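The values are calculated or read from the model by the stated rules, or taken from the named source; none is laboratory data. What you see is a predicted model; the values in this text were computed from it and never measured. Neighbour counts run over all protein chains shown; Cβ positions are idealised from the backbone, glycine included.
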């Protein structure tokens, strides 16, 4: 019976995360209750020497986030997600678009990442100190030499009118890096679009572009012609690079379908890491 429940639960979880990129699920990993007595959905976990889960206290050891817990009264198991969107506790308070790492003082929870930290997620909303909020999991999993990770960010903090078209896109935010010192780039944009004062509507197109092609695209439909509308958007992409490369990543926006009353703001975050062996 337990095994059937695990499989059905995992299937439901897959449906819930169907929109996330590169969602990876690991089934029924045992939890070490002797060291980790109160596991919770959204906790960041790692494996111990007994091949059981414990609360993670260092980003370099992170395996994933708990997405479901199952127990039989004596033992517990967890379904782990290491890509997608999940709600997690954050300490110190963060804003939408901030890069997040594991909070060593509060194992299993998150805090704002600094340069050199292993980034495990990006905040999708403002989260107050010690509260739970939605985060975009950016592909968690221990990698060799992860302490060499680098983070670059560019923010547009006020709503900006969109004037770009499909034929002539508008650059919203851009990051240019010289001698990136990485072999793998994770590029993320989190933003909010609206239709200004609430009349006319807008169809807002957003892309992450590397100078030659779109790495990720998304569209926000604000099609009510009378009422004010606002909607969030999150894009995530990856790219292989060489340490001596000079990549540029740009968030481009434009409007279409004749609905051109849009505005947008947001944060572009680039995370560069060694490839790992």
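Here are a few things to note about the model shown:
- Which numbered condition residue 85 fails, given (1) at pLDDT below 90; (2) in contact with a strand residue (DSSP E or B) (Cβ under 6 Å, 6 or more places away or on another chain); (3) over 30 Å from residue 193 (Cα atoms): (3)
- Every residue from region 59-83 that is over 16 Å from residue 32 (Cβ atoms) and without any contact (Cβ under 8 Å) to a residue 60 or more places away in the chain: 67, 68, 73, 82
- Scope region 65-75; condition modelled with pLDDT of 80 or more, surrounded by fewer than 21 Cβ atoms within 10 Å (Cβ to Cβ) and either part of a strand (DSSP E or B) or not assigned by TED's automatic domain parsing to the domain that holds residue 38 (or both); matching residues: 68, 69, 70
- Residue match in region 239-246 (condition: under 21 Å from the mean Cα position of the chain (by Cα) and surrounded by fewer than 16 Cβ atoms within 10 Å (Cβ to Cβ)): yes
- Within region 97-123, the residues that satisfy the criterion of being in a loop (DSSP other than H, G, I, E, B), in contact with a helix residue (DSSP H, G or I) (Cβ under 9 Å, 6 or more places away or on another chain) and over 10 Å from residue 151 (Cβ atoms) are 104, 118, 120.
- Scanning region 201-229 for residues being modelled with pLDDT under 90 and either under 20 Å from residue 269 (Cα atoms) or surrounded by fewer than 16 Cβ atoms within 10 Å (Cβ to Cβ) (or both) gives a total of 6.
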